[in-house]
Every structure is written in structure tokens, then in C-alpha cells.
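Trainee: Take a look at the following structure, please.
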Amino acid sequence: MLWLMISAVALVAIFYVYSVNRTIVYVAQRDSIESKVSAIRTAITGLDSAYISGRSGITMEVATSLGYGEASKVVYMPKKAVSVLTRSETIQ
């Protein structure tokens with residue numbers, strides 16, 4: 001009976017040490033992940049500001065200098081998909 005109690009106490013002590021060890025490892029991993037998330041958020045913020053500043057720099061003069069022009073005919077597509085059948089021609 002005594003050996004059974006000693007074995008049970010030893011088993012509980014081993015499980016306790018293992019649980020504390022895993023908790024420490026998980027906290028360290030979480031800190032590492034949180035710092036990576038923070039770095040990614042900072043990079044995204046930089047990209048957002050670059051996008052906004054680039055978008056505000058696009059004017060009609062810039063577009064015309066790049067070869068773009070006013071649309072002569074504006075075509076709006078319907079929300080519902082339109083099925084179109086075409087004939088396929090093979091070139092020999």
C-alpha cells in the first residue's frame with residue numbers, strides 16, 4: 001500500500017513538472033508570435049500609407065502622360081451573368 005501511495009505521488013509530481021514546463025514553453029512561443037504579428041502589422045501600415053500617397057499622386061495629367069485617355073464609350077455590365085455562345089473556328 002505504501003509503494004502505491006509513493007508511486008501515485010511521484011506520478012503526480014512528474015505530471016506537475018511536465019505541465020509547468022509546457023506552460024513556460026507555450027508562453028515563450030506566444031511572445032515570439034506576438035512580436036512577429038506586430039512586425040507584420042507595422043509592414044502593412046507602411047504599405048497602406050504608400051498606397052494612399054501613391055493613389056493621391058495620380059492625376060489626369062499623369063494618366064495622360066502615361067498614355068491613358070478619357071473613355072469614349074462607357075459600357076456597364078449587368079449584375080446577372082449573361083451566357084454567350086460563340087463558334088470556334090480552327091485555322092489550318
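Quick note: the coordinates plus some simple rules give every number you see, no bench work behind them. Note that the coordinates shown come from a computational prediction; the quantities given were computed from them, not determined experimentally. As a convention, Cβ positions derive from the backbone with ideal geometry for all residues, glycine included, and neighbour counts pool all protein chains shown.
Trainee: Would you mind ranking LYS79, LYS36 by Cβ crowding within 10 Å, fewest neighbours first?
Mentor: Ordered by Cβ neighbours within 10 Å, fewest first: LYS79, LYS36.
Trainee: Taking springs between alpha-carbon atoms closer than 10 angstrom, which of ILE33, ILE14, ILE44 fluctuates most in the Gaussian network model of the chain?
Mentor: Of ILE33, ILE14, ILE44, the Gaussian network model singles out ILE14 as fluctuating most.
Trainee: Ok, one more. Rounded to two decimal places and with Rh computed the Kirkwood way over Cα pairs, what is Rg over Rh for the chain?
Mentor: Here the Rg-to-Rh quotient is 1.50.
Trainee: Mind putting a number on the dipole of the chain about its Cα centre? Charges go on the C-beta only, +1 for Lys and Arg and -1 for Asp and Glu, and I need it in Debye to the nearest 20.
Mentor: So the dipole magnitude of the chain works out to roughly 320 debye.
Trainee: Calculated FRET efficiency, ARG22 and THR42, Cβ-Cβ r, R0 35 Å, to nearest 0.05?
Mentor: For ARG22 and THR42, the calculated efficiency is 0.70.
Trainee: Residue farthest toward the positive end of the dipole of the chain, with Cβ of Lys/Arg at +1 and Asp/Glu at -1: which of VAL17, SER7, ILE52?
Mentor: SER7
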